[in-house]
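The structure appears below as structure tokens.
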Amino acid sequence: MKNEYENPLITRYASPETSRIFSDDNRFSLWRKLWIALAESESELGLPVTAEQIAEMKKYAADINYEVAAAREREVRHDVMAHVYAFGRQAKSAAPIIHLGATSCFVTDNAEIVMINDALKVVRAKLLNVMDRLAKFALKYKTVPVLGFTHLQPAQLTTLGKRASLWLQDLLLDYENLEFLLSRVALRGVKGTTGTQGSFLSLFGGDSEKVKRLERLVENKMGFNKSYAVTGQTYPRKFDYNVLSALSQIAQSASKFATDLRLLQSMKEVEEPFESSQIGSSAMAYKRNPMRSERICSLARFVMSLPQTAAVTAGSQWLERTLDDSAAKRITIPQAFLAVDGILNLYMNVSENLVVYEKIIAKHIAAELPFMATEVIIAECVKAGGNRQDVHERIRVHSMAAARVVKERGGENDLIARLKADPAFSSVAKKLDAVLKPENFTGRAAEQTDEFIADFVAPLLARHKALLTKTPDITV
């Protein structure tokens, strides 16, 4: 055991893929990549930066001398300047031109955007994988009737597949929002200390066109095609709010699914996967707790709390910038992605391995369907020549009596037996069993499920077939 705190998002919940994106190695390698892109672009536009200097920078791009940087930071109390110094200690010929004309946010903010962009793409891929698994589940169970609930009270029937399509539609909305966000990602760019590009304008002797070309060159070398048109010292902190809001929406959808599943598992209708040797409770050996769904809800609760921090940060930035954004960003952005990564890994695992108990579902329907069928029974009686008001009253009396049997005596719902025994219903007695077929009460649930997946989900999954992979391992 270690004697210092370890973040469980890394050690327990998230995958190495997302953790790697926000690692020091990736962050500081991106800093060096940005410095190289800047130096190359400045050289191409005529500044005195040599090919030899650039070659030496590239030689050490991924070979970061952390000890030198750490020692320098203890001395100067500035992380970027410490890494400029450390890079220059390795690429000695390039030391005079590293970070030429730039401010710290050239590397910190642009690197952050690159990391966020990469992490959003990981989230998109995993979101699509969850949708793929839910779509298969929805189609498999599209015709299986289940009790629908409003206010957590039995309502009209739906189907299990249709219920899954509701979970799926939440994710489709999240996907569309994520795609819009990805389409709007822009670098902070090459803007200088307060965003005026004054230092670069001076370097290029007042040539504005070269300053604009410099920014385009750096963008392209970093794999982007746009930067923010105007900035202060930082990129707009509202972008962080948009990112955390998108992640929060995914967490909301996952929490809704997991909450529904926890309710269904308590009813013994649908269960999350349970390993053969898994222990549900330290005291109650028989228990099968929905711990994966509970973990989804727990992580989701954390993610849903984070946009507030970004909102306060965006609303309290002073003029061209203040540094009170930094510490919060270092925590909220990576941890939000790590938590959503863990959520989607669990969501994939659970949705791919759901256990359905159709006989329990049928038993629950049988207990409630006689009450739900009374409107149809009244209609059948009227068609057979009965008086609607008289029939309604007799069904009301029998329904109350049947309800007392269920609630007060713990018996079975005997409403249909009571109606069959009542001479007033003799004309429809033989039809009652046929009327009570559950599939007669699910409306267009199966068709809606088919149509929704065929029209919206299947084309999306087909376009991204290459991203659909096997379910990742999870820590349970």
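Only the Cβ atoms of Lys and Arg (+1) and of Asp and Glu (-1) were treated as charged; on that basis the dipole of the stretch 374-435 about its Cα centre amounts to roughly 40 debye. The tail of the calculated P(r) for the stretch 33-138, taken as Cα-Cα distances beyond 15 Å, holds 69 percent of the pairs. With one equal scatterer per alpha carbon and no solvent term, the Debye-computed log10 I(q)/I(0) for the stretch 374-435 at 0.19, 0.22, 0.23 1/Å reads -0.66, -0.85, -0.91. Each Cα pair of the chain feeds into the Kirkwood radius, which the Stokes-Einstein equation turns, at 25 °C and 0.890 mPa s, into a diffusion coefficient of 92 µm²/s. Compared with the rule-of-thumb size 2.2 N^0.38 Å for a compact globular protein, the stretch 319-476 has a Cα radius of gyration ratio of 1.79.
About the Cα centre of the chain, how large is the charge dipole given +1 on each Lys and Arg Cβ and -1 on each Asp and Glu Cβ? Please answer in debye to the nearest 20. The calculated dipole for the chain is roughly 720 debye. Over all pairs of different C-alpha atoms in the stretch 144-303, the reciprocal of the mean inverse distance, the Kirkwood hydrodynamic radius, equals 20.2 Å. Summarised in one figure, the compactness ratio Rg/Rh of the stretch 23-94, Cα atoms and Kirkwood Rh, is 0.99. Ignoring aspartates and glutamates fewer than eight residues from Lys238 along the same chain, the ones with Cα atoms less than 12 angstrom from its Cα are Asp325.
The trypsin sites (Lys or Arg not before Pro) of the stretch 430-465 meeting both criteria, a DSSP state outside H, G, I, E and B (loop) and at most 12 other C-beta atoms within 10 angstrom of the site's C-beta, are Arg444. The modelled label-to-label distance for the pair Gln252/Ser298, using points 7 Å beyond Cα in the direction of Cβ, is 2.4 nm. Ignoring aspartates and glutamates fewer than eight residues from Lys210 along the same chain, the ones with Cα atoms less than 15 angstrom from its Cα are Glu40, Glu42, Glu44, Glu219. Sorted ascending by nearby beta carbons within 10 Å, beginning with the fewest, Thr449, Thr194, Thr103, Thr469 become Thr469, Thr194, Thr103, Thr449. What net charge do the residues around Gly342 carry, taking every other residue with its C-beta under 11 Å from that of Gly342, with Lys and Arg at +1 and Asp and Glu at -1? So the environment of Gly342 carries a net charge of +3.
Using 0.36 nm per residue and subtracting the Cα-Cα separation, the extra length available between Lys212 and Glu451 on full extension is 81.1 nm.
Residue separation of Glu44 and Lys121 scaled by 0.36 nm, minus their Cα-Cα distance, works out to 24.6 nm of gained length.
Counting charges near Arg262 (Lys, Arg +1; Asp, Glu -1) among other residues having Cβ under 9 Å from its Cβ returns a value of -3. Each label was represented as a point 7 Å from its Cα along the Cα-to-Cβ direction; for Lys226 and Met400 these points are 6.7 nm apart.
Principal-axis analysis of the Cα atoms of the chain puts helix 160-183 at an angle of about 20° to the longest axis. Only alpha carbons enter this Debye calculation for the stretch 112-197, each as an equal point scatterer, and the log10 of I(q)/I(0) it gives at q = 0.11 Å⁻¹ is -0.50.
Exceedance of the 24 Å cut-off in Cα-Cα distance is limited, within the set Lys142/Lys268; Lys142/Lys437; Lys58/Lys465; Lys363/Lys430, to Lys58/Lys465.
Of the residues Val243, Ala86, Leu264, the one whose Cα sits farthest toward the positive end of the charge dipole of the chain, with +1 on the Cβ of Lys and Arg and -1 on the Cβ of Asp and Glu, is Leu264.
A short reminder: the numbers here are calculations on the coordinates, not readings from a lab. If you're wondering where the values come from, they're calculated on a predicted model, not measured in any experiment. Ideal geometry is used to build each Cβ from the backbone, glycine not excepted, and the neighbour counts take in all protein chains shown.
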